[in-house]
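Some notes on the structure that comes next.
The values are calculated or read from the model by the stated rules, or taken from the named source; none is laboratory data. Just so we're clear, the structure is a prediction, and the values are computed from it rather than from any experiment. Ideal geometry is used to build each Cβ from the backbone, glycine not excepted, and the neighbour counts take in all protein chains shown. Keep in mind that these areas ignore ligands, DNA and RNA; they rest on the heavy atoms of the full protein, side chains included. Shrake-Rupley method; radii C 1.70, N 1.55, O 1.52, S 1.80 Å.
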Amino acid sequence: MYSADLVRQWLGKGGAKMEKFTLADAANLYGIDSWGASYFQINDEGRLEVCPRKDQDLRIDLLKVVEELKKSRMQAPILLRFPQVLETQVNTLCNAFEKAREEFHYEQKYFPVFPIKVNQQSTVVQNLLKAGYKHNLGLEVGSKAELMGALAFDLPEEALTICNGFKDEAYFEMASLGAKMGKRIITVIEKPFELKQLVDLKEKGRDLPWVGFRVKLRAKGSGLWEKSGGSTSKFGLSTSQLLDGVETLRKNGMLDRLKMFHFHIGSQITEIRRMKEAIKEAARIYAKVRKLGIAVEFVNVGGGLGIDYDGSKTSSDASVNYTIQEYANDVVYNIADVCENEHVPEPKVVTESGRAMVAYHSALIVDVRGHIECTADRKPTFLENEPRVIEDLLYIHRNLTVKNYREYYHDAVEARDQLYSLFSLGMLDLEERAKGEWLYWEIAQKAVKYSKSAKFVADEFVDLEHRLFEKFICNFSVFQSIPDHWALDQLFPVVPIHRLEEKPNRRATLVDITCDSDGEMDKFVDLKDIKYALEVHDPKEGEPYYLAFLLIGAYQDTMGDLHNLFGGVNEAQVLGEEGGKFLIQDARKGETIRHALELFGFEAAKLVRNIETQVQGRISKGLLKDDQAAQIVEAYKEAFNSYPYLS
């Protein structure tokens, strides 16, 4: 059973005069002040703005950005990136650890590291490294390809390049190349067999990178990625394997290369308690190894620092019950506490907090192209002598009240089933079926409305309301732009970027333009629960209606696929300037149809030749003229360079 009180808050009490809808109401409705981390606000014109410094000095009106890009034929869907947000997030993270070090008198340094897998766009990595240069921001890689990309960046001398993932000889050779360049490369041993590759590297006389051991902790994370940690996780060394690894390094005269212990218990850890447990366990392992006389310098607590996607500040999958400062305090304090108890030197602290660095920095702007309703567009005309099933539905429709809505709705369901049975037997025509369907959906809408007058809304009417939600058709692909929503039910905030001074009068789910029923967003962030529809405005004829998908900067660029050959979207970087001005940089057109086709082996030249052969066959049969055939071929050629999304 569901409480009707929350529903009434936005619907208003029946018959009561509604107060004026304000900008504060809009911010509260969409939760902007809760999940926005001060990066978003609504301006006096009812438009969504990005505040990349979290203050009023720089404000970027998203609608103005979209309109400016349209002048350059850059249409929605458009991915907007805000490099100044990256800088703010890096500074927030590093300042939090600096404050924690001061508070707990922690003498060793903090080293932030960005995992390239979280967002592999070169412009994003470059902007992060520029922002984090003064903080010795380094990089984490998980493959040879990522390592090759990382080596080309000019990092600060003290910055770390951490090599995770399973490794072969070529991977170690590339790490050796980085070490020869003078970079601080740490190759993390994930499994015992990798040690042989490292020993072989020494025997070949190569420059040896530093070594880290990934420790498989008993502690586990929480949330959607909980299985990343624990004793059955994919990566990491058990206690006995850790001891064997230390002995292998000792026997081969390589113990001085062991510099780091690393653990990772999962992404988007929702409960700080889980992180505390892991830090204590890892710190204890570090301390015991230090007592063996091994001068390990770094403890890498991995990733996991979460983002509050729904603004609830709870341990739900879409939130976290801690702040960045609380996270930094717990990391520093618990390592310091264990080291003090064990009487060993404190290690340098490393984090791989990729999601926290990049999640806020990008927004996908899509335009609504239409909507789908359950009910018919027009009310049918009823005759004096309708079939009995239609008469029954008419009676229910006219006499449904707040007192009898449950009983009468059940009667309507029975009549609807009878309607379809009669139609299947050929006893009703299409017009009569259309009348019956219109009546049923009208009755359903009334029943849902009346159900809200009850103290508790019955489950069947909650489910019925979900079926009555409209579907807004949005010009994008869920699979390309927000794949984690499709694959993991990850929640992302969605907000109209304009008309926020108006009270939204509809509730809808969002469907994309792929031909897949999974291409739909039907779960939305809410402070106390999950919403199953988004509050939206009536589309106006001839005017665009834009929605923004926010906090999508982590993993979505990397994980997106080309379902239906919808490729990467148009994108641009936007810098805020004083006085509400902005500067658009690096505006790039999205992937063309040619690019999407050729990724799957459809060569454009060969396709054109096939079209030419087909039209020539039509010409020879007298079914096409030469000029018509030429027009077909030319139009086909031109389409290769077009945007795959709706124009």
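Kindly indicate the residue of the range 55-71 that is of a type in the set (K, R) and either touching a Gly at 6+ places or on another chain (Cβ under 7 Å) or surrounded by fewer than 16 Cβ atoms within 10 Å (Cβ to Cβ) (or both) and also farthest from K589 (Cα to Cα) among those meeting that condition. Step through it out loud before you land on a result.
Narrowing the range 55-71 to residues of a type in the set (K, R): 59, 64, 70-71.
Filter again for either touching a Gly at 6+ places or on another chain (Cβ under 7 Å) or surrounded by fewer than 16 Cβ atoms within 10 Å (Cβ to Cβ) (or both), leaving 59, 70-71.
Details: R59: 25, K70: 12, K71: 13 Å.
For the range 55-71, the residue satisfying everything is R59.
One residue is enough: does the range 388-397 have a residue meeting the conditions open to solvent by less than 10 Å² (accessible area, probe 1.4 Å), under 30 Å from Q121 (Cα atoms), not acidic (D, E) and not in a loop (DSSP other than H, G, I, E, B)?
no
Scan the range 210-226 and tell me whether some residue there is touching a strand residue (DSSP E or B) at 6+ places or on another chain (Cβ under 6 Å), modelled with pLDDT of 95 or more and more than 30 Å from R273 (Cα to Cα).
Within the range 210-226 (the criterion being touching a strand residue (DSSP E or B) at 6+ places or on another chain (Cβ under 6 Å), modelled with pLDDT of 95 or more and more than 30 Å from R273 (Cα to Cα)), the answer is yes, since at least one residue qualifies.
Note down all Cβ pairs under 9 Å where the first residue falls in the range 96-113 and is touching a residue at least 24 places away in the same chain (Cβ under 8 Å), the second is assigned to a helix (DSSP H, G or I) and among the acidic types (D, E), and they're at least six residues apart or on different chains.
Pairs found: A96/E326; A100/D330; F104/D337; Y110/E98.
Going residue by residue through the range 527-547, is there one that turns out to be outside any loop (DSSP other than H, G, I, E, B), under 23 Å from Q84 (Cα atoms) and open to solvent by 20 Å² or more (accessible area, probe 1.4 Å)? Reasoning before the result, please.
First, the residues of the range 527-547 that are outside any loop (DSSP other than H, G, I, E, B): 530-531, 534-536, 546-547.
Next, only the ones that are under 23 Å from Q84 (Cα atoms) stay: 547.
Filter once more, so that each one left must be open to solvent by 20 Å² or more (accessible area, probe 1.4 Å): none.
Taking every residue of the range 527-547 in turn, none turns out to be outside any loop (DSSP other than H, G, I, E, B), under 23 Å from Q84 (Cα atoms) and open to solvent by 20 Å² or more (accessible area, probe 1.4 Å).
Between a residue in the range 585-600 that is open to solvent by 90 Å² or more (accessible area, probe 1.4 Å) and any residue that is not in a helix (DSSP H, G or I), which pairs come within a Cβ distance under 6 Å, given they are 6 or more apart or on different chains?
The qualifying pairs are K589/N570.
So which pairs qualify, if the first residue must be in the range 286-300 and part of a loop (DSSP other than H, G, I, E, B), the second must be basic (K, R), the Cβ gap must be under 8 Å, and the two must be at least 6 apart or on different chains?
V296/K259; V296/R290; E297/K259; E297/K348
Kindly check whether there is at least one residue in the range 340-358 that is in contact with a strand residue (DSSP E or B) (Cβ under 8 Å, 6 or more places away or on another chain), within 26 Å of L258 (Cβ to Cβ) and among the hydrophobic types (A, V, I, L, M, F, W, C).
The answer is yes, given that some residue of the range 340-358 is in contact with a strand residue (DSSP E or B) (Cβ under 8 Å, 6 or more places away or on another chain), within 26 Å of L258 (Cβ to Cβ) and among the hydrophobic types (A, V, I, L, M, F, W, C).
Which of the following residues is among the hydrophobic types (A, V, I, L, M, F, W, C) and touching an Asp or Glu at 6+ places or on another chain (Cβ under 7 Å): A76, A37, A24? Working first, answer last.
Working: A37 fails: touching an Asp or Glu at 6+ places or on another chain (Cβ under 7 Å); A24 fails: touching an Asp or Glu at 6+ places or on another chain (Cβ under 7 Å).
Just a single option satisfies the conditions, and that option is A76.
Can you name every residue in the range 619-636 that is surrounded by 15 or more Cβ atoms within 10 Å (Cβ to Cβ) and not hydrophobic (A, V, I, L, M, F, W, C)?
The one that is surrounded by 15 or more Cβ atoms within 10 Å (Cβ to Cβ) and not hydrophobic (A, V, I, L, M, F, W, C): Y636.
If I ask for residues that are within 19 Å of F298 (Cβ to Cβ) and either in a helix (DSSP H, G or I) or free of Cβ contacts under 8 Å to residues at least 24 places away in the same chain (or both), which ones from the range 183-194 would you list?
E194
Starting from residues that are polar (S, T, N, Q) and open to solvent by 10 Å² or more (accessible area, probe 1.4 Å), keep the ones in the range 476-505 and report whichever is nearest to D25 (Cα to Cα). Spell out the reasoning first.
Applying the first criterion (polar (S, T, N, Q)) to the range 476-505 yields 477, 480-481, 490, 505.
Now drop any that are not open to solvent by 10 Å² or more (accessible area, probe 1.4 Å), which leaves 480-481, 505.
Working: Q480: 32, S481: 29, N505: 14 Å.
Only one residue tops the list, namely N505.
Looking at A76, A131, which is the one that is within 22 Å of the chain's Cα centre (by Cα) and open to solvent by less than 20 Å² (accessible area, probe 1.4 Å)?
Result of the check over A76, A131: A76.
Does the range 248-307 hold any residues that are open to solvent by 30 Å² or more (accessible area, probe 1.4 Å), under 21 Å from A179 (Cβ atoms) and of a type outside the set (D, E, K, R), and which are they?
Answer for the range 248-307, where residues must be open to solvent by 30 Å² or more (accessible area, probe 1.4 Å), under 21 Å from A179 (Cβ atoms) and of a type outside the set (D, E, K, R): T248, N252, G253, L255, A295.
Take the residues of the range 428-437 that are in contact (Cβ under 8 Å) with a residue 40 or more places away in the chain and open to solvent by 20 Å² or more (accessible area, probe 1.4 Å): which is nearest to the chain's Cα centre (by Cα)?
Among those that are in contact (Cβ under 8 Å) with a residue 40 or more places away in the chain and open to solvent by 20 Å² or more (accessible area, probe 1.4 Å), it is E437.
Which number in (1) touching a Gly at 6+ places or on another chain (Cβ under 7 Å); (2) open to solvent by less than 10 Å² (accessible area, probe 1.4 Å) marks the one condition that V125 misses?
Evaluating V125 over (1) touching a Gly at 6+ places or on another chain (Cβ under 7 Å); (2) open to solvent by less than 10 Å² (accessible area, probe 1.4 Å) leaves (1) as the failure.
Under the condition of being among the aromatic types (F, W, Y) and out of contact with any His (no Cβ under 9 Å at 6 or more places or on another chain), which residue from the range 441-475 is surrounded by the fewest Cβ atoms within 10 Å (Cβ to Cβ)?
Step one: filter the range 441-475 for residues among the aromatic types (F, W, Y), giving 441, 450, 456, 461, 469, 472.
This time we only want the ones that are out of contact with any His (no Cβ under 9 Å at 6 or more places or on another chain), so: 441, 450, 456, 461, 469.
Working: W441: 18, Y450: 20, F456: 11, F461: 22, F469: 18.
Ranking the candidates gives F456 first.
Hey, can you tell me all the residues within the range 329-366 that are hydrophobic (A, V, I, L, M, F, W, C), closer than 30 Å to L69 by Cβ and assigned to a strand (DSSP E or B)?
Correct list: A363, L364, I365, V366.
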